[in-house]
1. Checking the a/c ratio against 1.5 first, then a/b against b/c, what shape does the Cα gyration tensor give for region 382-448?
2. Taking neighbour Cβ counts within 10 Å as the exposure measure, how do 27, 329 sort from fewest upward?
3. For region 135-203 and region 19-67, what is the separation of their C-alpha centers, rounded to whole Å?
4. With r as the distance between the Cβ atoms of residue 18 and residue 582 and R0 = 35 Å, compute the FRET efficiency 1/(1 + (r/R0)^6) and round to 0.05.
5. What whole-number distance in Å separates the alpha-carbon centres of region 377-407 and region 457-490?
6. What's the exposure ranking of 600, 557, going from fewest to most Cβ atoms within 10 Å?
7. Assuming a ≥ b ≥ c are the square roots of the Cα gyration tensor eigenvalues, decide whether region 562-610 counts as rounded (a/c under 1.5), prolate (otherwise, with a/b larger than b/c) or oblate.
8. For the peptides 92-101, 338-347, 361-370, what is the packing order when you average, over each peptide's residues, the other Cβ atoms within 10 Å and list the highest mean first?
């Protein structure tokens, strides 16, 4: 995938750009401060600040859409790497831009309208308020405004000339004509629209466009159509999940470290402590990359931030340049199984598997994959006569002391989470604050406000691109669940795949393809609900399945022809893409061995658990939201919004009282669209409160 880096572009309206970036920085700062204050209150007064959690969840929604707007302005939305293959002469590039922009603007405008309908219904049908007396719809209004801003920037910035901008405007208006196609005669619209979306995303349109577009098309084309407002409902459900704020907060910590001087200090530590070993510099490279990837996820930050620093060190030590670049490509996503890995957190949220058990289970497989790369570095060093350094205790201790703040950070995370002192997102907030103090106050690597703002905006922009994909992908996933696709696929697999070993092999092959075509976050949201019921058929533990899934997606990032790390390495090291393919293949081969061991030796993953069936999975048999406790239905994580009352047929629903300000989480993928009366929500009946 591409688009993970904020590009330096002159904004169309500089004043508006400054407001957007200021709001983004403020929201991220508030998301850090509120949980930390709550933790301090619990330590000092014995009582947490309950409203802090609610506000952090809702601020995550604001972060997602403000970040998405800036990503559209800077053309930093995540897109398939296949778009890079179509960079032809300027004339063809302009034509391709017009196509991708028109499709993107049309879909995003429709999403803005769907979000507007939802927010309008909330304004008229619910009296729900957030802590402080602020109506819930005030925060939710960021959705239609955000989608509208994304559409506007895509139409303006995404086109090289007025022809493209006019085409995008026409597409945005024309898409509303779909409402006049009679029900039952919409199959041709679904097939035509699906082909157009697939073509656009292959040419470089953002991934969120195909996710949101397909979700709305499929709901629209049902025999009894579900209003497209179902898609933004799902976006709110996921983005405001209680555990999801951990993703942007841990990412912020990673960005602070990468933009500061932490990388140089950590490289120095690993050089001093491991440089005397055969392949010691290669081992240091792998370990440093793994450290950063645990905080930033597989976002490309590791290669882009560390590549220019580590490549000269490797070549100076005597490593062949081709080997060095291949090692960096392979190491760019190697730390995904270690705490506080963002994909592990998201997998736990989607698959309803305990996140702490996932972290424990990922330790040995993660060490195995890291060890294979280290062994490959040692083999290369011996074969090519790379000189070994010498170990001297005093410089080694001095390097460790100089990097003591960064070295202590994983300890803070592990003790906080596994010691039971902090929740996942509280640990993320404390880690982000710790990184801020380390880089800004102690080391002063980020000495002024512009450099700090750049870190906050870069992190928020990436997260905007990721979170909007996750929310819209959940809308697509919910259609698949509502249509019983996972159950049908699992039944077919159970009938045609002979045994568990063959199933696991086919799963590995499928996930390799998924890993090179989709970013890891949207792959988790869309693919996990499909493979969990299949795994249940063959008795695969959901925790083991999660480690297999994530390990395969690590490989997908360096799988030709469109693995994201390949394109990022080509960009960073200014090498032809085909040459990068050849550099990465040996490392892909050795890591495949590791993934096969993880797949076929479950003990590597499940050894920490006494219960071999530890962890739960998604209940695809149920079409109803499972009770959160007692006989009461589970509450949706929308601040204190009572969505059940909002979408009910009962006329008294408009007078529903706000629920408690500490929402329970709904299992993602289980929102029962069959029970949501969105037809009433969006009908012309005055009693419904909607259109």
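1. Numbers: a/c = 2.65, a/b = 1.72, b/c = 1.54.
Since a/c reaches 1.5 and a/b is larger than b/c, the shape of region 382-448 is classed as prolate.
2. Details: 27 22, 329 27.
So the residues, fewest neighbours to most, are 27, 329.
3. Each part reduced to its Cα centre gives a spacing of 32 Å.
4. On the way: r = 45 Å, r/R0 = 1.29.
The pair residue 582/residue 18 has a calculated efficiency of 0.20.
5. With region 377-407 and region 457-490 each reduced to a Cα centre, they are spaced 43 Å.
6. Numbers: 600 14, 557 29.
Exposure proxy ranking, most exposed first: 600, 557.
7. Numbers: a/c = 5.08, a/b = 2.88, b/c = 1.76.
Prolate is the answer for region 562-610, as a/c is 1.5 or above and a/b outweighs b/c.
8. Values: 92-101: 18.4, 338-347: 26.3, 361-370: 22.1.
In decreasing order of mean packing, 92-101, 338-347, 361-370 become 338-347, 361-370, 92-101.
Where a number appears in this text, it was derived from the coordinates with a stated rule and is not lab data. A quick note: this is a predicted structure, and the numbers were derived from the prediction, not measured. Every residue, glycine among them, receives a Cβ derived from its backbone with ideal geometry; neighbour counts consider all protein chains shown.
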